[in-house]
1. Does any residue of region 236-244 turn out to be touching a residue at least 40 places away in the same chain (Cβ under 8 Å) and either surrounded by fewer than 23 Cβ atoms within 10 Å (Cβ to Cβ) or within 16 Å of the ligand (Cβ to nearest atom) (or both)?
2. Condition (residue is within 18 Å of THR46 (Cβ to Cβ) and outside any helix (DSSP H, G or I)) applied to region 242-258: is it met by at least one residue?
3. May I ask you to say which residue of ARG231, ARG244 is modelled with pLDDT under 95 and of a type in the set (Lys, Arg)?
4. If you check every pair at least six apart or on different chains, which have Cβ atoms under 6 Å apart with a residue in region 50-67 that is farther than 16 Å from VAL229 by Cβ first and a residue that is part of a loop (DSSP other than H, G, I, E, B) and more than 7 Å from the ligand (Cβ to nearest atom) second?
Amino acid sequence: MSSQGPLGKITLSKLQTLKNEQKKFAMVTVYDATFAHWASEAGIETLLVGDSLGMVLQGRDSTLAVTLDDMVYHVEMVARGNKGSWIIADMPFMTTNTPESTLENAARLMQAGAQMVKIEGGVWLAETITLLAERGVPVCAHLGLTPQSVHKLGGFKVQGRDEGAAEEIIQAAQELEDAGADMLLLECVPTQLAQRITQQASVPVVGIGAGPYTDAQVLVMHDLLGITVGRIPKFSKNYLTDGRSIPSAFEAYANEVRQGDFPTLEQGFE
Ligand code: KIV
C-alpha cells in the first residue's frame, strides 16, 4: 500500500502542473474519514465531498435537501481521514445566491478542512468566483448537467447536445476561468464538447460522463465500488471486482485514469 500518492501532498500548483504536462489525475467522492483515508492512501489525487451524499447516504432522490451544516459535518470527517489528497467541497443548493453569501458559506467549508469549493452554475457565477478568488478561496466551476437544477433541466439528462447549448457551455467555461476559477468540472456532456473545452481551458478540466479526453475523471464512490442502489450510470465502472479489496479497487481506478484506460469512448455520450 502506498502512503500518499506518487505526488506526495497534493496542492493546486501540482494539479496545474499535471494539466500543463498533459498528465491525467483522478478524483472520487468520499464522505467520511475511513474512505477518505483509503482513497488518499491509494493515491487518488483529489477527494470530492459531493452533495451527492444527499442521494447515496441520505437516500433522497436529488441533492436539493442537503444543507451547509450537512456539508460541514462531512468535510470535517474527510479532512481527519485524508492523507494528502486535495479536498474539494460542494456548495449545496441555494448557498450561492449572492457573491457575499457565497463567500460566507464557502468560508465555513474551508474552515472545516476543504481546500477548494465546487459551485454549480453558469456565466452568472463570474462575479462570485472573482470575489472568492480574491479572498483566497479556490473554486471549481461545475458545468453541463448541474444536479441542483434537475427540475429546471427536466431530469438527469445529457447537456450541450445541440449547437446553441454547446456554445453556451463553451462560453461559460471561458468566462468562469477568466473570472478566476482554478478548475472546471463537466458532467454529462458529449465527448467532443468536453474535448473542445479541455483544449481551450488553461486550468484542469474534470469529467464525469464527459468521455475520455478531459484532464481528470471523477466517480461517485458508490458507483466505483458497485454498491449503488438502483441503476449504475453508463459512464461509471465497478472496480470492486476480481477479488479486489476496497483499497485496491481505489488504486485500480486511479491507475486506469492516469493511464487513460478509463473512461473509454463507449462510456461517453455522442
Ligand atoms: O456531488 C457530486 O458527487 C458531484 C459529482 C457527481 C461530480 O458533483
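The values are calculated or read from the model by the stated rules, or taken from the named source; none is laboratory data. Computed from a predicted structure; not experimentally measured. Virtual Cβ from ideal backbone geometry, glycine too; neighbours counted across all protein chains shown.
1. First pass over region 236-244, keeping only residues touching a residue at least 40 places away in the same chain (Cβ under 8 Å): none.
No; the residues of region 236-244 include none that is touching a residue at least 40 places away in the same chain (Cβ under 8 Å) and either surrounded by fewer than 23 Cβ atoms within 10 Å (Cβ to Cβ) or within 16 Å of the ligand (Cβ to nearest atom) (or both).
2. Within region 242-258 (the criterion being within 18 Å of THR46 (Cβ to Cβ) and outside any helix (DSSP H, G or I)), the answer is no, since none of the residues qualifies.
3. On the way: ARG244 fails: modelled with pLDDT under 95.
ARG231 is the lone residue from the list that is modelled with pLDDT under 95 and of a type in the set (Lys, Arg).
4. Qualifying pairs under 6 Å: ASP51/VAL66; ASP51/PRO92; LEU64/PHE93; VAL66/PRO92.
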